[in-house]
Amino acid sequence: SGKTVWSYTFGIAHPQGRPTVAENRLIFGAWDCHLYCVDCLSGTELWRWTNGSKNRLYSPGHVIPRVANGRVMIVAPDRYITNIDLYTGQQIWRIKQRKVRESTGISDDGKTFYAKTMDGEMIALPMNADSYSELWCADVGWGYDHSFCPLTVSRGVVYMANRRGKVAAVTEDGRIEGVGKFANSAANDIRQDRNGDIWISFIEGTIWRLNPQNSHLVNKMSIK
């Protein structure tokens, strides 16, 4: 009907990243140094988490919370990875191990968390670990990068993009399948459709549909 069911007022900072819904909970970050969890049915705040900094530039304002098995994982411009209990909002662990920043993904089964580093690496961690535990790290060879484009998983391959129009494909066991250049600007987002094809939009105004054709090699993908 378009009628407002509920509204929730949390402050003056805006949320920029895509929110996540899990178990009737809405989780989102804002540029006020906080991550919020709200009841989807009532709009009641269940908990809020802060990184302890008063510097808003370190806020989780442009992150997509990755949620599975009762855990929430985020990275932010403060370059920390944080693991939080979905039900209580209590921080389980938090570490500044690599130069992560906003770009993350999650496996289809919810067991593995992926993040892109500012050194052009993709790292994989178990979602339910009680301390920082790195499964693997794949260096795709493009060096420094600060693009915020999320990572997307399709057919056992994780896709990530950089600020110069390059896209990399890494298998879920850490093997680099390919790196290709599709544009001259940063990617906005990577999404998959119901057929498993990959769609990528770039700041310069182009949209690419990538058809893996069972090869999964980025540099051999066709355009449709």
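From the list Asp145, Asp197, exactly one residue is within 23 Å of Pro77 (Cα to Cα) and either at pLDDT 95 or above or among the acidic types (Asp, Glu) (or both). Which is it?
On the way: Asp197 fails: within 23 Å of Pro77 (Cα to Cα).
Asp145 is the lone residue from the list that is within 23 Å of Pro77 (Cα to Cα) and either at pLDDT 95 or above or among the acidic types (Asp, Glu) (or both).
Of all residues in region 131-178, how many are assigned to a strand (DSSP E or B), open to solvent by 50 Å² or more (accessible area, probe 1.4 Å) and not charged (D, E, K, R)? Spell out how you get there, then give the answer.
Taking region 131-178 and keeping what is assigned to a strand (DSSP E or B), we get 136-139, 152-154, 157-161, 166-171, 176-178.
Filter once more, so that each one left must be open to solvent by 50 Å² or more (accessible area, probe 1.4 Å): 137, 139, 166, 176.
Okay, now just the ones that are also not charged (D, E, K, R), so 137, 176.
Result for region 131-178: 2.
Take the residues in region 200-217 that are in a loop (DSSP other than H, G, I, E, B) and not hydrophobic (A, V, I, L, M, F, W, C), then tell me which one is modelled with the lowest pLDDT.
Step one: list which residues in region 200-217 are in a loop (DSSP other than H, G, I, E, B), which gives 203-206, 212-217.
Now drop any that are not not hydrophobic (A, V, I, L, M, F, W, C), which leaves 204-206, 212-216.
Details: Glu204: 89, Gly205: 88, Thr206: 88, Pro212: 70, Gln213: 62, Asn214: 50, Ser215: 47, His216: 44.
Once the filter is applied, the top-ranked residue is His216.
Rundown of residues vs (1) in contact with a Lys or Arg (Cβ under 9 Å, 6 or more places away or on another chain); (2) at pLDDT below 95, yes/no style:
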{"site": "Ser42", "(1), (2)": "no, no"}
{"site": "Ser53", "(1), (2)": "no, yes"}
{"site": "Asp78", "(1), (2)": "yes, yes"}
{"site": "Thr88", "(1), (2)": "no, no"}
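How many residues, within region 44-81, are on the phi > 0 side of the Ramachandran plot and open to solvent by 30 Å² or more (accessible area, probe 1.4 Å)?
Number satisfying all stated conditions: 3.
Any idea how many residues of region 129-188 are in contact with a Pro (Cβ under 8 Å, 6 or more places away or on another chain) and in contact (Cβ under 8 Å) with a residue 60 or more places away in the chain?
Adding up the residues that qualify gives 1.
Looking only at region 82-104, decide whether some residue is open to solvent by less than 10 Å² (accessible area, probe 1.4 Å) and touching a residue at least 60 places away in the same chain (Cβ under 8 Å).
yes
Tally time: how many residues in region 1-21 are free of Cβ contacts under 8 Å to residues at least 24 places away in the same chain and not charged (D, E, K, R)? Steps first, answer last, please.
Within region 1-21, the subset free of Cβ contacts under 8 Å to residues at least 24 places away in the same chain is 1-4, 9, 11-12, 21.
Now drop any that are not not charged (D, E, K, R), which leaves 1-2, 4, 9, 11-12, 21.
Final tally of qualifying residues: 7.
This table checks each residue for (1) over 30 Å from Asp108 (Cβ atoms); (2) touching a residue at least 40 places away in the same chain (Cβ under 8 Å).
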site: Cys33; (1), (2): yes, no
site: Cys37; (1), (2): no, yes
site: Leu41; (1), (2): no, no
site: Trp47; (1), (2): no, yes
site: Ser53; (1), (2): yes, no
site: Arg56; (1), (2): yes, yes
site: Ser59; (1), (2): no, yes
site: Val63; (1), (2): no, yes
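Right, Asp119: acidic (Asp, Glu) and under 23 Å from Thr20 (Cβ atoms) or not? So that I can check it myself, show each step before the final result.
On the way: acidic (Asp, Glu): yes; under 23 Å from Thr20 (Cβ atoms): no.
No, not satisfied.
The values are calculated or read from the model by the stated rules, or taken from the named source; none is laboratory data. None of these values were measured; they are calculated from a predicted model. Reconstructed Cβ throughout: ideal geometry from the backbone, glycine too, with neighbour counts over all protein chains shown. The accessibility values were calculated without ligands, DNA or RNA, using every heavy atom of the protein model including side chains. Shrake-Rupley method; radii C 1.70, N 1.55, O 1.52, S 1.80 Å.
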